[in-house]
Every structure is written in C-alpha cells, then in structure tokens.
Amino acid sequence: MKILLYLLLTPLLFADVFNFQTIEKANEAYNMGEFEKSAKLFGDLKKGEPVVAYDKANAEYKAGKYDEALKSYEKAKGVDEATLQHNIGNTYFKKNALDKAIESYEKALKIREDVDTRYNLELAKKKKEEQKKQEDKKKQEEQKKNQDKKNDDKNKQNKDEKQKEQQKQDQKQKDEKQKKQNEQNNAQEKKEEAQKKSDEQNAKEAQQKEEEAEKKMTPEDKMRKKELSHLMKQLSQKKMPTMMYQTNKEKGERDDKNPW
C-alpha cells in the first residue's frame, strides 16, 4: 500500500518540483529583464492556471508582445480583477487603443479606487483629447489643402478659358482682316479684269474703225500712211528718217508723186 501510494505521489511531486523550478527561472528572467525568456518559461508551465497565465501575460507585456499579453490576460480570470483590468488597460494604452484602455481603467476603479489607475485613466483621456485635436487639425489642414487645390484648379480653368476666348477673338480679327483683304483683292482683280476688257474692246473698236477707214482710203492715202508708219518706227528707234521714192523705170528719174 505504501509503495503504491509512493508511486502515485511521485509524478505529482516531480511535477511540483518542475513547476517550482520553472517558476523560479521565469521570475529570475523577469527580474533580469529577459522578458521573452520569462514568458516562454511561464508558457511551459501547466496550462489553464490563472496565476500562470497572469504572470505569462506580464512577461509578454514587458517584452512588447501586447497582442499575446491580452490573450494571456483573458485566461487569467480568477486573479485580482482590479489589478487585472489595470494591466489590461496598460496593454491597450501601449497599443494606442485609448477607448479600450479607458474602459479597462474605469472597470478597475469601479472595483477599487487606486491612485495609479486613476492617473493612467486621466493620462489616457488627455492623450485621446490631444489625438482628437491633432486629427481635427489634420482634417482642417486637409480640407484647406483640398480647398486651395480647388481654387487653384478653378483659377487655372478661368485662365485657360480667358486664354481660349482671347485666342478666339484674335482668330476672329485675323479672319475678318483676311476676309477684308480678300474682298479688296477680288475687287482689284475685277477692276483690272474690267479695265482689260474695256481696253480690249477699245482696241477692237479702234481696229475696226481703222479697217473701215482703210477701206475708204485711196492708194495715195495708203502710201502716205505707210510712209508715216515707217517714219514713226524710225523715230521710235532714234534713227534719222529716210525717204524712198519710186523712179521712172524708163527715164530713171525720181517720181515725186510716188515714192518707193
């Protein structure tokens, strides 16, 4: 019976010795600032014990593993609730989840008044207020930036519209000027064409008159006209005029009446 009892108690005693040694090592690591090592050692202990989960959560908090710490604090139900909520509030504060931090601090203060918890609560509220001011300021700056951008875009649009309108006016003036010039050119061409037709008509009429007059001319008049034409041609060439007279073939004398 004693042997059986010994055999039954030996594993329990061994487990208690192992847990005690692990706790000692975990606490030693915690005090040395080796928080990750401490959290790992606490994690090696028997699962489900609130005190172990609480110590593990504290080590994880010190190691900066805030998400892991929150999960461990959730498993630490049964330890002092005010202290637990205080630590949970601190963890949320580190995560900058100020609303949840404030909620946890207020839960702790409802259970028990505490100077540190009260101070942390006021600090969280102040930080939240400062963040709100910064967010409002940032929002106002963003709104101002957007408004300035809208104003710049509107000014640019107005400038572009004015520039386009000015270009239209300039093009309109240019077109009107070109149109006027074209009308003047067309009028000049028509005038020159009319003058040309008039000159051609006058020349034609003069030629017709000359032909009609020539038909009525005697041979002597035609001869004189020919001599006059020859004279005028020489004068235009700046040559001295010469006269050619016909001679009597039989007598070899000049015929004053019939030159050439």
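Could you tell me which of the residues 180, 110, 150, 196 is within 30 Å of residue 82 (Cα to Cα) and either touching a strand residue (DSSP E or B) at 6+ places or on another chain (Cβ under 7 Å) or basic (Lys, Arg) (or both)?
The match here is 110.
Quick one: how many residues across the range 103-132 are among the aromatic types (Phe, Trp, Tyr) and in contact (Cβ under 8 Å) with a residue 12 or more places away in the chain?
Looking only at that region, the number is 1.
Within the range 48-70, track down each residue that is part of a helix (DSSP H, G or I) and surrounded by fewer than 16 Cβ atoms within 10 Å (Cβ to Cβ).
Correct list: 50, 51, 67.
Given (1) at pLDDT 95 or above; (2) among the hydrophobic types (A, V, I, L, M, F, W, C); (3) surrounded by fewer than 20 Cβ atoms within 10 Å (Cβ to Cβ), identify the lone condition not met by residue 12.
(1)
Return yes when residue 209 is in a helix (DSSP H, G or I) and either modelled with pLDDT of 90 or more or exposed (fewer than 10 other Cβ atoms within 10 Å of the Cβ) (or both) and no when it is not.
no
Looking for something part of a helix (DSSP H, G or I), farther than 13 Å from residue 90 by Cβ, at pLDDT below 95 and acidic (Asp, Glu) - is there at least one such residue anywhere in the range 102-122?
no
Might you check whether a residue that is exposed (fewer than 12 other Cβ atoms within 10 Å of the Cβ), more than 21 Å from residue 31 (Cβ to Cβ) and of a type in the set (Ser, Thr, Tyr) occurs anywhere in the range 114-127?
Yes, that holds for at least one residue.
Given the residues 148, 170, 152, 255, which is the only one that is among the acidic types (Asp, Glu) and at pLDDT below 85?
Only one candidate passes the filter, namely 255.
The values are calculated or read from the model by the stated rules, or taken from the named source; none is laboratory data. Worth saying up front: this structure is predicted, and the values here are computed from it rather than measured. Quick reminder, even Gly has a Cβ in these numbers, built from the backbone with ideal geometry, and neighbours come from all protein chains shown.
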